[in-house]
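Structure first, commentary second.
The values are calculated or read from the model by the stated rules, or taken from the named source; none is laboratory data. Computed from a predicted structure; not experimentally measured. Backbone-built Cβ (ideal geometry, glycine too); neighbour counts: all protein chains shown. When the accessible area is computed, the model is the full protein with side chains, heavy atoms only, and any ligands, DNA or RNA have been set aside. Shrake-Rupley method; radii C 1.70, N 1.55, O 1.52, S 1.80 Å.
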Amino acid sequence: MFYWGDRKMYRFFIRNMHETMRIIVITNPRRDAYRLYYNQATSYKRHNLKMINWWIQGRGLFHHPTLPNARETFKDFHGRVIQVPVIHKPPWHFVKYTNDSAVVLGGRDDKLLKVLARRLNFQFEYFDPPERIQGTSFNINGTFDGVLGLIWEKEVEFFIGDIALTEDRFKAVEFSFLTLADSGAFITHAPSKLNEALALIRPFNPQVWPAIIITVLLSGPVLYLIIVLPNTWHPKFIVQDHGRLFFDCCWYTVGIFFKQTGRSPSESHKSRFIIILLAVSATYVIGDMYAANLTSLLARPGREKPIENLWQLENAMATKGYKLLVEKFSSSYSLLENGTGIYGRLWEMMNWNIKSPNSYLVDSVETGVKNVRDNLNIAVMAGRETLFFDTQRFGSTNFHLSEKLNTAYSAIALQLGCPYKWNFNNILMGIFESGILTKMTEDEYENLGKQQVASAESAPPPPPGPPGSSPSEEEDDDQQLNKKQDDGSQRLQPLNIRMLQGAFYLLGIGHLISGMVVGLEILCFRHNSSIKRRHRKFGVMHKTMKRIKLFCMRIVNYIRMKFREAMNDAIIATLDYIE
């Protein structure tokens with residue numbers, strides 16, 4: 001509020017007034033009379049001071065209330081032309097960039113802006129912002145990057161697009177009522193098919209293998225005890241070799257589980273009952289269930305376990321070499337940069353590669369989705385709705401969308417102190433509550449489906465454009481490429497011998513092991529034969545040496561006995577002299 005003593009309003013003073021400033025100028029043209037000028041009295045003039053009231057001695061103010069209501073003033077912009085920045089980000093805006101301009105082809109937010117313009121009676125013109133980014137936070141030098149920086153510097157009225165609400169952005173701009181209730185997510189490449197050769201053992205997961213192995217190992221000893229214990233209490237037959245009987249029981253039970261024939265180790269009723277129980281379990285429980293699971297796996301080949309949450313993504317980045325990409329100066333970028341816990345650890349892993357800093361940044365989410373499509377170890381974090389739409393554009397079978405990470409809301413960014421924020425909110429709340437805003441988003445998905453059907457029926461696309469062309473210029477080529485990839489993954493394929501290659505691999509392994517066992521037996525037989533021949537060759541000499549040794553031992557014993565007899569006779573002969 002100013003008191004202006006001069007009679008003339010200088011032009012440089014009026015031009016330096018922003019619309020977000022509420023400025024009241026009071027003049028004194030004559031004695032006991034004051035005029036009030038207000039810059040927000042009109043909605044179609046940016047640098048303007050209009051007299052809205054005056055005060056006279058004895059009568060007071062001429063109009064009440066003193067200032068006009070901004071809500072009523074900005075109900076009608078009277079055809080005012082507003083410059084609006086635009087960034088290519090489907091499905092919110094489809095932009096085709098040329099050398100000197102940006103042409104908007106459509107989008108959900110383009111329709112929303114047309115609704116606002118029709119209701120408030122203003123016109124708008126799109127222009128290409130210098131950096132083509134939204135902006136996240138203030139820099140060290142006190143500036144703000146991107147489109148939000150233009151709004152903060154009062155160079156742009158507002159920006160409408162997929163712009164998420166963050167604390168840093170609230171310091172530079174104001175936000176209207178929400179235009180989208182979204183959540184954060186990330187996408188990875190679709191899980192690859194598992195090796196069909198391992199389909200034979202895939203039904204036996206870690207929860208099944210221990211039970212099967214324990215059953216096979218315990219069946220033989222149980223059958224042995226059932227045969228031996230009753231015979232111990234009431235002997236009916238003689239067990240010549242318990243070790244042989246135990247081995248026969250174990251071998252027979254293993255043969256039952258492998259569906260091989262064999263001779264029963266006992267003919268008792270109890271052993272037959274156990275054998276029948278094992279045969280039924282092996283045939284109808286294990287065998288049939290295994291055949292059913294194997295058939296389902298062959299009919300629908302298994303895939304790798306997908307990456308669903310941030311902890312699995314962290315493990316994949318640490319062990320499998322995954323790389324996380326994010327759109328530069330987006331809300332996801334700010335979340336990772338300023339986050340703690342799992343977000344902080346992911347940010348540290350993203351900055352491990354010191355040789356190529358900022359290698360995790362992409363110009364747009366669309367570019368990141370293309371990288372995921374073309375690479376197996378790439379992940380992109382962004383808004384879930386944007387990622388879902390791009391995955392539909394580039395082939396949904398090529399991607400896997402994670403679970404929801406965090407709640408995020410998008411709104412229109414306005415200048416701080418914007419006088420027509422209430423008018424925007426009033427319209428947005430109306431179309432949001434009535435479901436029109438949701439219908440606009442659904443229409444974009446419906447149009448995408450129609451475009452894909454039309455592209456499938458159209459002629460082959462033209463050759464690829466030159467390097468450096470915009471994403472929109474290469475959209476037809478991408479649709480044709482995605483159509484081919486979808487056809488290759490969704491088309492039903494007949495059964496072929498390749499799906500049964502695991503059986504042949506298993507048969508080959510069995511033959512290999514059998515050959516190794518036979519070779520080992522041959523080597524053992526030859527070794528035993530050579531030992532026997534060596535024994536036969538040196539048997540006569542060994543017997544001769546043994547006889548000579550025995551003869552020598554007899555001579556030594558005979559001499560020792562004669563010596564002892566002579567000594568005894570000599571001692572007895574000397575007894576007379578001793579007496």
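Structure data summary
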| item | result |
| --- | --- |
| Most to least accessible of 169, 526, 533 (protein chains only, probe 1.4 Å) | 526, 533, 169 |
| Exposure rank, largest accessible area first [565, 327; 1.4 Å] | 565, 327 |
| Net lengthening on full extension, residue 565/residue 45 (0.36 nm per residue, minus Cα-Cα) | 172.1 nm |
| Where 433, 308, 446 fall by accessible area, highest first, once all protein chains stay in place (1.4 Å) | 433, 446, 308 |
| In Å², nearest 10: area of residue 138 left accessible to a 1.4 Å probe | 70 |
| Separation of the residue 31 and residue 507 label points, Cα + 7 Å toward Cβ, nm | 12.2 |
| Residue 518-residue 450 pseudo-label distance in nm [points 7 Å out on the Cα-to-Cβ vector] | 7.1 |
| Partner lysines for residue 549 [C-alpha distance under 21 Å; skip if fewer than 8 residues away on the same chain] | 537, 562 |
| Computed accessible area, residue 303, all protein chains, 1.4 angstrom probe, square angstrom | 120 |
| Point-to-point label distance, residue 99-residue 407, nm (Cα→Cβ direction, 7 Å offset) | 5.0 |
| Other-chain or far-sequence residues with amide H under 5 Å of residue 105's (modelled H) | 94, 95, 96 |
| Listed residue pairs exceeding 18 Å between alpha carbons, taken from 111/154; 111/370; 45/75; 96/154; 89/323; 114/439 | 111/154; 111/370; 96/154; 89/323 |
| Packing-based order for 276-286, 18-28, using average beta carbon neighbours within 10 Å, highest first | 18-28, 276-286 |
| Distance between region 56-70 and region 99-144 - C-alpha centres, whole angstrom | 39 |
| Bins of 5 Å from zero: percent of alpha-carbon pairs in region 333-447 | 2, 8, 14, 16, 17, 14, 12, 9, 5, 2, 0 |
